[in-house]
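The values are calculated or read from the model by the stated rules, or taken from the named source; none is laboratory data. Keep in mind that this is a model prediction, so the values were computed, not measured. Here the Cβ positions follow ideal geometry from the backbone for every residue, glycine too, while neighbour counts run over all protein chains shown. Each accessible area value is taken on the protein alone, full model and side chains, heavy atoms only, with ligands, DNA and RNA left out. Shrake-Rupley method; radii C 1.70, N 1.55, O 1.52, S 1.80 Å.
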Amino acid sequence: MSRVLNFGSLNVDYTYRVDHMTREGETQSSEGMEIFLGGKGFNQSAALAKAGAEVYHAGMIGDDGDGFLPVCKEYGIRTDYIKKIEGKGGHTIIQIDKNAQNSILLFGGSNRKVDREFVDEVLDHFEKGDLLLLQNEISSLHYIIDKAYEKGMVIILNPSPFDHRLDSCDMSKVTYFILNEIEGCQFSGKEDPDEMIHAILEKYPKAKIVLTLGGDGAMYADASGARFHQPVFPVKAVDTTAAGDTFTGYFIAGILENMPIPDILRMSAKASSITVTRKGASPSIPSQEEVMASL
């Protein structure tokens, strides 16, 4: 069976509850502050592990990152390729408003210290057909994509945050793009979801597109003409921080199990709907048993 390597970020999340997103020039008192382990990479590994997949996480932690190792062990995330270096690790400052929406300020720290030597060291342990999950919160992303493609790995990219660092990446080597509606717009230059998908497939015809649309659910499309839409499961949201990461982890777990795409979308949407009813990032992600029982 194929293995999953998630080469991704590990961030300490400083989460502040506020009435509204702080505006330019404004000082606002927060109504509470909590600290969680997160990062898009770590959250997606947590989702994969909780969905029942064996996932290897590769990344770098700083002096403040020791807490990740016992939590990875608790979740069942393989830590063979998590390396500790001197200096500050990655962290975020997250505002969550009264409507459970969030805004995130990201500091890369150790996540931006990933170099080619470390990439080669990690990828030496993986082979053709293994799945590689990537986000844009670590350095050397273009090099990781090139080396993984040479090995014949299946590359899955969540292009978040969407910024200039993606310009150097050869997107034609990516098999799956998993994006939300904002990233889809940035990636395609289109605002309508159908037009986003059409534009991306026109440019990368071999790709498979998974587009999450918030309250409008999620869509899947590929060049074969396959099109699927999954409505959202209505819930009262408390914190939307890890909703997309939960969806990504469960979607990839479904790929590993060779589930039909509509079933994968339904499972992923249900998992995300449970996540947003809880506070925090990785702690809010449900187990596979909980998701299936809810379905």
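Some observations on this one:
- Test set (1) more than 19 Å from the chain's Cα centre (by Cα); (2) part of a loop (DSSP other than H, G, I, E, B) - Glu137 fails condition number: (1)
Condition check ((1) of a type in the set (D, E, K, R); (2) modelled with pLDDT under 95; (3) under 21 Å from Ser272 (Cα atoms)) across all residues:
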site: Asn6; (1), (2), (3): no, no, yes
site: His20; (1), (2), (3): no, no, no
site: Arg23; (1), (2), (3): yes, no, no
site: Phe36; (1), (2), (3): no, yes, yes
site: Lys40; (1), (2), (3): yes, yes, yes
site: Gln44; (1), (2), (3): no, no, yes
site: Tyr56; (1), (2), (3): no, no, no
site: Cys72; (1), (2), (3): no, no, yes
site: Gly76; (1), (2), (3): no, no, yes
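- Conditions (1) open to solvent by 60 Å² or more (accessible area, probe 1.4 Å); (2) in contact with a strand residue (DSSP E or B) (Cβ under 6 Å, 6 or more places away or on another chain): number failed by Asp66: (2)
- Just one of (1) open to solvent by less than 50 Å² (accessible area, probe 1.4 Å); (2) over 18 Å from Gly59 (Cα atoms) fails for Gly108. It is (2).
- Given (1) open to solvent by less than 10 Å² (accessible area, probe 1.4 Å); (2) within 17 Å of the chain's Cα centre (by Cα), index of the condition Val122 fails: (2)
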